[in-house]
1. What's the total number of residues in region 4-26 that are part of a helix (DSSP H, G or I), surrounded by 10 or more Cβ atoms within 10 Å (Cβ to Cβ) and under 25 Å from the mean Cα position of the chain (by Cα)?
2. Within region 77-97, work out how many residues are surrounded by fewer than 10 Cβ atoms within 10 Å (Cβ to Cβ) and assigned to a loop (DSSP other than H, G, I, E, B).
3. Mind listing whichever residues of region 30-68 are modelled with pLDDT under 90, in a loop (DSSP other than H, G, I, E, B) and among the hydrophobic types (A, V, I, L, M, F, W, C)?
4. What about Q74, is it modelled with pLDDT of 90 or more, exposed (fewer than 10 other Cβ atoms within 10 Å of the Cβ) and of a type in the set (S, T, N, Q)?
5. Consider region 27-60. How many of its residues are surrounded by 10 or more Cβ atoms within 10 Å (Cβ to Cβ) and either of a type in the set (D, E) or in contact with a helix residue (DSSP H, G or I) (Cβ under 6 Å, 6 or more places away or on another chain) (or both)?
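The values are calculated or read from the model by the stated rules, or taken from the named source; none is laboratory data. Everything numeric here is computed off the predicted structure, so don't read it as measured data. Methodologically, a virtual Cβ is constructed for each residue, glycine included, from the backbone with ideal geometry; neighbour enumeration extends over all protein chains shown.
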Amino acid sequence: MSEAKPTIDLAHLANLARLNFDPNSSESARADLEKIIAMIDAMQAVNTEDVAPLSHPLDGAQRLRQDLVTETEQRDNFQSTAPSTSEGYYLVPRVVD
């Protein structure tokens, strides 16, 4: 026994997705949606009980750069043009009492 094909209410789906189909292409869109649903049904039928989940389909390693300091400390240089500093901090005027 084969299951009945679900009826696709294209006008309702288009409204939900905020899409407009011109009358000439609506049947083509309906056929495409039916193919997509058939593909999903076929994928749902595959037995995946003993299949381990993957984080990525390819077996690869992430190439990472070495965690090395590449910049030198330049606080005195940066703060040399600041209007006011104290003990390595920028001093700013109080704006909230």
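1. Looking only at that region, the number is 3.
2. 11
3. Correct list: V51, A52, L54, L58, A61, L64.
4. Numbers: modelled with pLDDT of 90 or more: yes; exposed (fewer than 10 other Cβ atoms within 10 Å of the Cβ): yes; of a type in the set (S, T, N, Q): yes.
So Q74 passes the test.
5. The total comes to 5.
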